[in-house]
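Participant: The structure's right below; bear with me while I get my questions together.
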Amino acid sequence: VSRKLDSQVAILTGTARGLGVALVERFASDGAALLLADVNGDGLPEVAAKALEAGAPDVAWIGQDLSQEEGAAATGSTSL
Amino acid sequence: VNNAGGGLIRPFLEHTAETLRETINRNLWTTIWCIRAVLPHMIERQYGRIVNISADSVHTGLYSHAGYNAAKGGVNGLTTGLAFEFAKYNITVNCVSPGGIMTPEIQQMFDPNSDVYKKHRIVDVRTVLAQIPIGRLVEMHEVAALAAFLTYQESRSITGQIYSVNGGQWMM
């Protein structure tokens with residue numbers, strides 16, 4: 001079954017909790033490979049596991065302060 | 001999808017310079033820096049979908065939200081400007097703007113004695129609930145579904161838009 005985001009990569013920020021987790025679950029079930037980013041990097045492995053369960057073909061995560069240019073740049077240049 | 005946010009919701013004059021700066025940093029600068037980081041790659045691919053998570057409190061005002069709204073209103077302005085500028089590269093930029101949504105944190109706000117309620121010094125969330133025609137807060141997966149739709153191939157003609165998901169609390 002083809003899914004809407006098969007072969008696409010999505011970067012989702014603020015994904016350690018709350019709405020971010022719901023976004024992860026939705027994009028994962030749509031088939032996107034995911035890069036998760038949050039200032040609270042410690043919370044991300046658990047959310048990444050949920051993403052794989054929900055159907056993401058690949059998941060990476062990065063703990064960065066995205067309110068700083070360097071943190072956002074490091075996130076953008078991280079490839080799956 | 002620029003969902004990173006946070007900061008403090010509190011009466012404007014109860015903010016310190018530091019809490020105001022943190023609120024703007026976490027809700028607006030995160031979005032600016034992340035978009036700047038990915039746009040060159042999107043231009044190279046001649047394809048991109050950017051979805052910013054804004055907030056309907058920009059329209060409703062909402063008690064104690066002035067600092068937060070300053071940041072989220074900035075996100076809305078960023079969205080329309082970028083949508084115009086980068087449309088020629090097949091890059092769309094849109095906002096999903098939730099009203100009251102049932103996050104674990106907001107669930108705690110139903111209790112005025114909760115830590116979350118005290119931290120944000122926000123109005124009783126039940127008074128907000130009374131203003132929502134569908135009679136309930138929006139579920140998080142409903143917001144996520146719209147964000148996902150805006151990244152689909154078939155959304156290619158939708159750009160520069162701010163979409164509320166608010167149960168009808170604010171219309172138009």
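The values are calculated or read from the model by the stated rules, or taken from the named source; none is laboratory data. Nothing here was measured: the structure is a model prediction, and the numbers come from that model. Cβ coordinates were reconstructed from backbone atoms using ideal geometry, including for glycine residues, and neighbour counts include every protein chain displayed. Accessible surface is based on the protein model in full, side chains and every heavy atom, while ligands, DNA and RNA are left aside. Shrake-Rupley method; radii C 1.70, N 1.55, O 1.52, S 1.80 Å.
Participant: Let me know the volume per residue of the alpha-carbon convex hull for chain B, in Å³. Provide the component values of the computation, followed by the final result.
Facilitator: Working: hull volume 18.9 nm³, N = 172.
Residue-normalised Cα hull volume stands at 110 Å³.
Participant: Measure up A:Lys4/A:Lys50; A:Lys4/B:Lys72; A:Lys4/B:Lys88; B:Lys72/B:Lys119 against 27 Å on the Cα-Cα distance and list the ones that go over.
Facilitator: Exceeds cut-off: A:Lys4/B:Lys72.
Participant: Once whole DSSP H runs in chain B are found, which of them have Cα atoms spread over 15 Å or more along the helix axis and a mean Kyte-Doolittle score of at least 0.0? Please report the intermediate quantities before stating the final value.
Facilitator: Numbers: long enough: B:30-45 (23 Å, 0.51); B:66-86 (29 Å, 0.26).
In chain B, the long hydrophobic H runs are B:30-45, B:66-86.
Participant: Between A:Ser77 and B:Phe84, take the C-beta separation as r, use R0 = 41 Å, and let me know the FRET efficiency to the nearest 0.05.
Facilitator: On the way: r = 26 Å, r/R0 = 0.64.
Once the sixth-power term is evaluated, E becomes 0.95.
Participant: Summarise the accessible area of chain A (1.4 Å probe, protein heavy atoms) by the percent that is carbon and sulfur.
Facilitator: Working: 1720 of 3650 Å².
Ligands and nucleic acids excluded, carbon and sulfur reach 47 percent.
Participant: Translational D (Stokes-Einstein, µm²/s) of the protein assembly as shown at 20 °C and 1.002 mPa s when Rh comes from the Kirkwood sum over C-alpha pairs?
Facilitator: Details: Rh = 18.3 Å.
D = 117 µm²/s.
Participant: State log₁₀ I(q)/I(0) for chain A at q = 0.21, 0.24 Å⁻¹ as given by the Debye formula over alpha-carbon point scatterers of equal weight, solvent excluded.
Facilitator: Debye intensities relative to I(0), on a log10 scale: -0.84, -1.05.
Participant: On to the next question. What is the extension gain from B:Met171 to B:Ala17, computed as 0.36 nm multiplied by their sequence separation minus the C-alpha to C-alpha distance, in nm to one decimal? Before the final figure, lay out each step's value.
Facilitator: On the way: separation 154, 0.36 × 154 = 55.44 nm, distance 3.36 nm.
Gain on extension, B:Met171 to B:Ala17, equals 52.1 nm.
Participant: Evaluate the distance, in nm, between pseudo-label points positioned 7 Å from the Cα of B:Asn113 and of B:Ile158 along their respective Cα→Cβ axes.
Facilitator: For the pair B:Asn113/B:Ile158, the computed spacing is 4.4 nm.
Participant: Treating each Cα of segment B:55-102 as an identical point scatterer and ignoring solvent, apply the Debye formula and state log10 I(q)/I(0) at q = 0.17, 0.22, 0.23, 0.30 Å⁻¹.
Facilitator: Reported log10 I(q)/I(0), two decimals: -0.55, -0.76, -0.79, -1.06.
Participant: Just the accessible area per residue of segment B:17-135, please: how many Å² with a 1.4 Å probe? Before the final figure, lay out the partial values.
Facilitator: Values: 5610 Å² over 119 residues.
Here the residues of segment B:17-135 average 47 Å² of exposed surface.
Participant: May I pose another question? Report in % the part of the accessible area of segment B:41-132 that belongs to carbon and sulfur, leaving out ligands and nucleic acids; probe 1.4 Å.
Facilitator: 56
Participant: What accessible area, summed over both chains, is buried at the A-B interface (1.4 Å probe, Å², nearest 100)? Intermediate results must be reported in sequence, preceding the final value.
Facilitator: Numbers: alone 4720 and 9290 Å², together 11890 Å².
In total, chains A and B hide about 2100 Å² from solvent.
Participant: Taking 2.2 N^0.38 Å as the expected size of a compact globular protein, what ratio does the Cα radius of gyration of segment B:23-79 give against it, to two decimals?
Facilitator: 1.28
Participant: Would you work out which of A:Pro45, A:Leu35, A:Leu23 lies farthest towards the positive end of the dipole of segment A:1-57? Charges go on Cβ: Lys and Arg +1, Asp and Glu -1.
Facilitator: About the Cα centre, the residue reaching furthest to the positive side is A:Leu23.
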